[in-house]
1. Write out, first by first residue and then by second, each pair whose Cβ atoms fall under 8 Å of each other, whose residues are 6+ apart or on separate chains, and whose first residue, in the range 38-66, is in contact (Cβ under 8 Å) with a residue 12 or more places away in the chain while the second is loosely packed, with under 13 Cβ neighbours inside 10 Å.
2. Determine, yes or no, whether G27 is touching a residue at least 40 places away in the same chain (Cβ under 8 Å), out of contact with any Gly (no Cβ under 8 Å at 6 or more places or on another chain) and among the small types (G, A, S).
3. Can you tell me how many residues in the range 1-27 are within 16 Å of T85 (Cβ to Cβ) and either touching a strand residue (DSSP E or B) at 6+ places or on another chain (Cβ under 8 Å) or not charged (D, E, K, R) (or both)?
Amino acid sequence: MRNARNVQFELFVKLREIKQAAAALEGINNLPPKERKAWAEQYGRLVYTAFNHFIDDSNSVLRDVSFDSSTMQLSQELVISLRDTLVAVQQILPEDKKKLRS
């Protein structure tokens, strides 16, 4: 098991990464529908694969969470951000790619 400081740092990094991804997805989601559809057709598989890997990586960090308040707060923020980003990903992806595991 990793020590609490390492887990906190990993949670902080994951949270930062997911917030950056969410910001990028928001920009894509704000494209005109035709451009968004073309983007999704070109990059949808990449986004789908990357997000699945990100979920797996995040789960491995969350497995080692201790119960101190700052770590739990970071964990909660990460899970909420993952959920919100999942919604954004699902809005962009073509229908056949919308079944992401959480």
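Each value in this text was obtained by applying a stated rule to the coordinates, not by laboratory testing. Given the structure is predicted, the values throughout are model-derived calculations rather than measurements. Cβ sites come from the backbone with ideal geometry, for glycine too, and all protein chains shown count toward neighbours.
1. Filtered contacts from the range 38-66: A40/P94; E41/P94; G44/P94; N52/R101; I55/R101; I55/S102; D64/M1.
2. So G27 does not fit the description; no.
3. Final tally of qualifying residues: 11.
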